[in-house]
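Structure first, then comments.
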Amino acid sequence: MKPVNSVLSSFGVTVFETMSRLAMEQGAINLGQGFPDSNGPENLRRVAADAVIDGPNQYPPMLGIPELRQAIAAHNKRFYGLDVDWMTETMVTSGATEAINDCLMALIEPGDEVVLIEPLYDCYLPLVRRAGGVPKLVRMEPPEWQLNGDQLSAAFSRKTKLILLNSPHNPSAKVFNDDELKMIARLVIQHDAYAVCDEVYEHIVFDGKKHRPLMTFPGMRERCVRIGSAGKTFSMTAWKVGYITAPSELLSVIAKAHQFVTFTTPVNFQKATAFGLNQDDDYFENLAGELEAKRDLLKAALTDAGFAVMKTAGTYFLSIDIRSVGYTGSDVDFCQDITLNAGVSAIPLSAFYGPGSGVVDHFVRFCFCKQDSVLNDAAAKLKDWSMNKPKGPLD
Ligand SMILES: Cc1ncc(COP(=O)(O)O)c(C=O)c1O
């Protein structure tokens, strides 16, 4: 039989899948995969349910329904001061993941270089490589996850087509600061490149800070594509509604990829997302406030259990340094160990690195968008385990 696609077949089952399966088999509290354990806002669910009953239930327009595209443009103006033409500069996709794929398919020619920042979200490398891109990886170093300017500059060349930037950043929970964004903008302009900005956690930023899209920086409006996700902004990850804001010259080509991949997105979820984006500022402030309280709860409980908790400026996630409790095994060992022996699961950060790029293997990520009682239970189990159990597979 002829071989199947070598890029995709080279990737194994993801650690998210493996850990979730193990957590399920063990009946462990799953703080691995990033999804809330609530049902999401009832008002949005009602809009979505009514839309199915009332119809229409046929193909909506390829770029998305006008009311959602208008809401995307208005949201850009309200939160970031961006003037966006909803008719030529917005598009709705089936999740941010599809949006990322559409952008990479549309912008990359085989052999183009793509700058990526490690640790990175799991779909980036396979999608870049499948689109024919050549990944140029730059690594942020823990515990501060600083972006090294020299290394970033060295990753850019005349072959650079784009940088794929995720801020607020999963898994490090870092929010890129203005100096870093300016440095990225300068390099993008200098190399006549584009920036695809995965901003799915744009409304999940803590400590009174606000997200600032790269698109708002001088010279970036015409070079940036901005991606949001209803899944994260409305705490319903199953909805898979993403949205793209891009200059019309780029969007028209990105839309071709969307046309041939999914063509449209369920109309009821689009209507409900439009309703959601049009809500007043309180909704967005409460979202960040509630998640910040959960971050604080888990951080305090894990600190009390003896773990060193990393800074968490945004997203659903916080990380701990497993060496802080004297654990001598790897992050993968640790995650297996706590799933089997503490009844709590997490994700090893080494899963967010490309193959063969050296290993950062002593951090694990916990997801805190869960009920307070679940977070308290998990922390208590981890405390008990850390006080009473061996600290590594060889101990
Ligand atoms: C950084 C990042 N990008 C994209 C996604 C996927 O978003 P969606 O579910 O809208 O496809 C996630 C989900 O966890 C994410 O963390």
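Once region 200-235 is narrowed to residues that are more than 16 Å from the ligand (Cβ to nearest atom) and over 20 Å from LEU164 (Cα atoms), the residue that is surrounded by the most Cβ atoms within 10 Å (Cβ to Cβ) is PHE206. Could you please let me know if VAL175 is in a strand (DSSP E or B), at negative phi and touching a residue at least 12 places away in the same chain (Cβ under 8 Å)? The answer is no for VAL175. In the set (1) open to solvent by 20 Å² or more (accessible area, probe 1.4 Å); (2) closer than 18 Å to SER229 by Cβ; (3) more than 16 Å from the ligand (Cβ to nearest atom); (4) outside any loop (DSSP other than H, G, I, E, B), the condition left unmet by VAL84 is number (4). Scanning region 94-140 for residues that are charged (D, E, K, R) and touching a residue at least 40 places away in the same chain (Cβ under 8 Å) yields GLU98, ASP102, GLU109, ASP112, GLU113, GLU118, ASP122, ARG129, ARG130, ARG139. Scanning region 255-285 for residues that are touching an Asp or Glu at 6+ places or on another chain (Cβ under 7 Å) and surrounded by 24 or more Cβ atoms within 10 Å (Cβ to Cβ) yields HIS258, ALA274.
Of the residues making up region 105-129, those that are open to solvent by 30 Å² or more (accessible area, probe 1.4 Å) and not aliphatic (A, V, I, L, M) are GLU109, PRO110, GLY111, TYR121, ASP122, ARG129.
For region 16-71, a residue qualifies if it is part of a loop (DSSP other than H, G, I, E, B) and hydroxyl-bearing (Ser, Thr, Tyr), and the qualifying residues are SER38, TYR59. Selection of region 179-210 for residues being in contact with a helix residue (DSSP H, G or I) (Cβ under 9 Å, 6 or more places away or on another chain) and β-branched (Val, Ile, Thr) yields ILE184, VAL188, VAL196, VAL200, ILE204, VAL205.
Determine whether ALA293 is open to solvent by 50 Å² or more (accessible area, probe 1.4 Å), small (Gly, Ala, Ser) and within 30 Å of HIS75 (Cα to Cα).
yes
For region 239-253, the count of residues that are within 16 Å of the ligand (Cβ to nearest atom) and either surrounded by fewer than 16 Cβ atoms within 10 Å (Cβ to Cβ) or in a helix (DSSP H, G or I) (or both) is at least one. Scanning region 87-99 for residues that are in a helix (DSSP H, G or I), open to solvent by 20 Å² or more (accessible area, probe 1.4 Å) and within 16 Å of the ligand (Cβ to nearest atom) returns a single hit, THR97.
Listed here are the residues, each with its yes/no results for (1) touching a strand residue (DSSP E or B) at 6+ places or on another chain (Cβ under 9 Å); (2) open to solvent by 20 Å² or more (accessible area, probe 1.4 Å); (3) under 30 Å from ARG212 (Cα atoms); (4) of a type in the set (Asp, Glu).
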| site | (1), (2), (3), (4) |
| --- | --- |
| ALA308 | yes, yes, yes, no |
| THR312 | yes, no, yes, no |
| THR315 | yes, no, yes, no |
| LEU318 | yes, no, yes, no |
| ASP321 | yes, yes, yes, yes |
| SER324 | yes, yes, no, no |
| ASP333 | yes, yes, no, yes |
| ASN341 | no, yes, no, no |
| SER345 | yes, no, no, no |
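Taking the criterion of being open to solvent by 70 Å² or more (accessible area, probe 1.4 Å) and touching a Cys at 6+ places or on another chain (Cβ under 8 Å), the residues of region 1-57 that qualify are GLN33, PHE35. In summary, ASP102 fulfils each of the numbered conditions (1) among the acidic types (Asp, Glu); (2) assigned to a loop (DSSP other than H, G, I, E, B); (3) open to solvent by less than 10 Å² (accessible area, probe 1.4 Å) with the single exception of condition (2).
The values are calculated or read from the model by the stated rules, or taken from the named source; none is laboratory data. These numbers were taken from a predicted model, which means no experiment stands behind them. Quick reminder, even Gly has a Cβ in these numbers, built from the backbone with ideal geometry, and neighbours come from all protein chains shown. Calculation scope for accessible area: heavy atoms of the full protein, side chains included, ligands and nucleic acids excluded. Shrake-Rupley method; radii C 1.70, N 1.55, O 1.52, S 1.80 Å.
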